[in-house]
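Here the structure is laid out as structure tokens; the discussion comes afterwards.
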Amino acid sequence: MEENASHHVATKTFVFVWIALLCLTGLTIKAAQMQMGEWSMVANIAIASVKASLVLWFFMHLKYEKRLFKLLLFVPIMTISIIIVLTFFDIWYR
Amino acid sequence: MEASFYHAKTRYPGIFGWIFTTDHKRVGLLYLFSTLSFFAVGVSLGLTMRLELIRSGMHFYSAQTYNAIFTLHGVIMIFLFIIPGIPSSLGNFIMPLQIGARDVAFPKINILSWGLFIMGGAIAVTSLFTGGGPPDTGWTFYVPYSIRTGTNISLAVFGVFLIGLSSTLTGMNFLTTIHRLRAPGMTWKRMTLFTWSIYATSWIQLLATPVLAITLLLIIIERNFGVGFFDPAKGGDPILFEHMFWIYSHPAVYIMILPAMGTVTDIIPVFTRRNIFGYSFIAASSLAIAFVGYLVWGHHMFTSGMSDTARIIFSLLTFIVAVPSGIKVFNWIASLYKGSIRMNAPLLYTLAFIFLFSIGGLTGLVQGALATAVHVHGTYFIVGHFHYVMFGGAGFGFFAGLHYWFPKITGKLYEEHLAKLACFFLFIGFNMLYFSMFVLGWEGMPRRYYDYLPRFNGPNLVATIGSWILAMGLIIMFYNLIHSLFAGNKAGDNPWEAASLEWQTTSPPPVENFATQPVVTKGPYEFR
Ligand code: HEM
Ligand SMILES: [Cu+2]
């Protein structure tokens, strides 16, 4: 908590992350035009995950949190990812 | 000695001292009272269903009424009794005491959870008398029927939505409590296994329930706006509903059973006077169940039209999730070995639990194996199975806990002979009622019908007679508990000579649980 409040993040970092997010949005649009069939879903989810991670890591200060806290977030996110993967075994192989 | 929390001055007078309380013990008792009331209603409905099914032919329920009754019975038993059952009542009352906390982390959210629960229940009840009449979809609300039926689905589903919100808040509250409010010296490895099970359960409540919430909202949206999430004609997918529903509802069966497992794990050492066998394995298996439990939901969908690849994968994963439950059963049995056993009612209920849960769990594997699952799908075999795990497992675990912690909660002792007599009736009645269902299901009697072919008469008669014996047991058990509440002998602070922290304060405890801040120096099951 305390360490978190006193931590000062350079504005530069935020700007970089913001630009990265914009580029990734561009990439999403590009990917949508590429006619990749069922893989376009994978591409979309992958890009969205990277974006969400950037927001969590920098904007929401996850980077500066305790290890335990990161773990408590990481495990559920992995779980939900596996759940999503499992649903693909249905729709892709029907 | 401080006065017990029953006699402490509350912020508001009379009944308001209860419904606006922030004391976790009072919230726990509010939950206990409400869930058991719902249980009584659910049992009565179940008994009337069994009466209708005593012989083939229509007796007093029409097909439509029967559909409404089993839906109501299922919704009440699942969402209003067994899911909130142990965690919200015994968990609320006992868990903070076990870790040496003065209350839960968010006492106001705690009472808010109860408020939402009651509101949800009230709305679900209102749905019976308004709109198109009582819902008739079964507790699973499967589409497309739940979208097409004229009955009052939207309101009922919204009630369940609120109950889900309440459950999520409880999970979050308990997680924070266990992480932040343990007494000095209360390391993770000194926590009771009941608290461990509540911890694992809370993770499921927090993370899985939102999926149910989304699914239920989608039904409401579909019914009112016809967007087409589940309609192939509009590009939707009907099986999507089943996926989403079971992504919550399979983990939810572990919300039901894990706290019961934790309860009996706390009881066994006390009544065998020895340390639990395999502490770390039992704790770890709770977490393993919580985790793997997320990955097996597809076993409810083997005949839904899901792809073969998915069917095989889910069948395999289902066999894996049986392993941690097996670990627990073996550890319980091993803990009885060379113990000096005191056969009091809590242990008797615990042994009944182990027996019934094992039958429920093993028949679960029959349904987990793809080939046999297709054979028994949609039959009474399923009805037998889930009553064995939910009622024989979670229900009996709850009863065991009620007896074990009765002196803690009330300061009184129940009548031991009556408690054992009740257990005997319950056990006999239960097996007559539900084992018959395995036989019927294997022979092909479908579930959710108000009538059946005459060739199924025999086992159905046995089941109905069993249901009355079971009811006798319930009546004796609750008579005993309620009567002892007023007329029981004084229990003393620690009648079972237990070692865990909740018994080291007065029974019933004072408002903030401990007169002085407890400091923990040993494990919960060290009696010497
Ligand atoms: C005396 C006690 C009970 C009796 C006599 C009883 C009887 C029944 C019967 C006859 C059915 C309907 C079978 C069908 O037509 O498909 C049923 C369904 C069900 N019961 Fe019970 N039951 C009892 C207690 C419980 C308990 C304690 C639970 C849960 C903890 C429970 C959960 C359910 C559920 C979830 C269903 C499925 C409803 C549906 O198909 O949508 N029951 N029960
Ligand atoms: Cu399941």
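Taking (1) in contact with a helix residue (DSSP H, G or I) (Cβ under 7 Å, 6 or more places away or on another chain); (2) within 30 Å of B:Ala200 (Cα to Cα); (3) more than 14 Å from chain B (Cβ to nearest Cβ) in turn, A:Ala46 satisfies each apart from (1).
Being part of a loop (DSSP other than H, G, I, E, B) and either closer than 17 Å to B:Gly42 by Cβ or open to solvent by 30 Å² or more (accessible area, probe 1.4 Å) (or both) is the filter here; which residues of segment B:382-415 pass it?
B:Leu413, B:Glu415, listed by residue number.
Of the helices (runs of 4 or more DSSP H) lying entirely inside segment B:10-77, those containing at least 3 residues that are within 11 Å of ligand 1 (Cβ to nearest atom) and of a type outside the set (A, V, I, L, M, F, W, C) span B:24-52, B:63-75. Applying the criterion of being touching a helix residue (DSSP H, G or I) at 6+ places or on another chain (Cβ under 7 Å) and of a type in the set (Phe, Trp, Tyr) to the residues of segment B:416-434, the residue that is surrounded by the most Cβ atoms within 10 Å (Cβ to Cβ) is B:Tyr434.
Applying the condition of being closer than 22 Å to B:Met256 by Cα and among the aromatic types (Phe, Trp, Tyr) to segment B:83-138 and asking which residue is nearest to ligand 2 (Cβ to nearest atom) yields B:Phe117.
So is A:Thr79 within 14 Å of chain B (Cβ to nearest Cβ), assigned to a helix (DSSP H, G or I) and either touching a strand residue (DSSP E or B) at 6+ places or on another chain (Cβ under 7 Å) or at pLDDT 90 or above (or both) or not? Break it down into steps so the answer makes sense when it comes.
Details: within 14 Å of chain B (Cβ to nearest Cβ): yes; assigned to a helix (DSSP H, G or I): yes; either touching a strand residue (DSSP E or B) at 6+ places or on another chain (Cβ under 7 Å) or at pLDDT 90 or above (or both): yes.
Here the answer is yes, as A:Thr79 does meet what is asked.
When B:Ser88, B:Ser127 are screened for being open to solvent by less than 10 Å² (accessible area, probe 1.4 Å) and within 23 Å of B:Pro259 (Cβ to Cβ), only B:Ser88 passes. For B:Leu421, the criteria (1) within 9 Å of ligand 1 (Cβ to nearest atom); (2) over 22 Å from the mean Cα position of the chain (by Cα) hold in every case but one, which is (1).
Contact map, segment B:291-312: first residue more than 7 Å from every other protein chain (Cβ to nearest Cβ) and under 14 Å from B:Gly364 (Cβ atoms), second residue surrounded by 19 or more Cβ atoms within 10 Å (Cβ to Cβ) and hydroxyl-bearing (Ser, Thr, Tyr), Cβ cut-off under 7 Å, separation 6 or more or different chains; pairs are B:Gly293/B:Tyr254; B:Val296/B:Thr318; B:His299/B:Ser315; B:His299/B:Thr318.
Being closer than 19 Å to B:His375 by Cβ, more than 16 Å from ligand 1 (Cβ to nearest atom), open to solvent by 20 Å² or more (accessible area, probe 1.4 Å) and among the hydrophobic types (A, V, I, L, M, F, W, C), is that true of even one residue in segment B:291-299? No, the conditions are met nowhere in segment B:291-299.
For segment B:44-69, how many residues are among the hydrophobic types (A, V, I, L, M, F, W, C) and open to solvent by 30 Å² or more (accessible area, probe 1.4 Å)? Break it down into steps so the answer makes sense when it comes.
Step one: filter segment B:44-69 for residues among the hydrophobic types (A, V, I, L, M, F, W, C), giving B:45, B:47, B:49, B:51, B:53-54, B:58, B:60, B:63, B:68-69.
Next, only the ones that are open to solvent by 30 Å² or more (accessible area, probe 1.4 Å) stay: B:47, B:51, B:54, B:58, B:60, B:63.
Counting residues in segment B:44-69 that are among the hydrophobic types (A, V, I, L, M, F, W, C) and open to solvent by 30 Å² or more (accessible area, probe 1.4 Å) gives 6.
Taken over segment B:368-381, the criterion of being in a helix (DSSP H, G or I), open to solvent by less than 30 Å² (accessible area, probe 1.4 Å) and under 27 Å from B:Leu453 (Cβ atoms) is satisfied by B:Ala373, B:Val376, B:Tyr380, B:Phe381. Here is the figure for segment B:313-349: residues that are among the β-branched types (Val, Ile, Thr) and more than 14 Å from every other protein chain (Cβ to nearest Cβ) total 5. Scanning segment B:154-196 for residues that are over 22 Å from B:Glu512 (Cβ atoms) and in contact with an Asp or Glu (Cβ under 9 Å, 6 or more places away or on another chain) returns a single hit, B:Leu193.
The values are calculated or read from the model by the stated rules, or taken from the named source; none is laboratory data. Here the structure is a predicted model, which means the values were calculated and not measured. For neighbour counting, all protein chains shown are included, and Cβ atoms are generated from backbone atoms with ideal geometry for every residue, glycine included. SASA here: full protein model, heavy atoms, side chains in, ligands and nucleic acids out. Shrake-Rupley method; radii C 1.70, N 1.55, O 1.52, S 1.80 Å.
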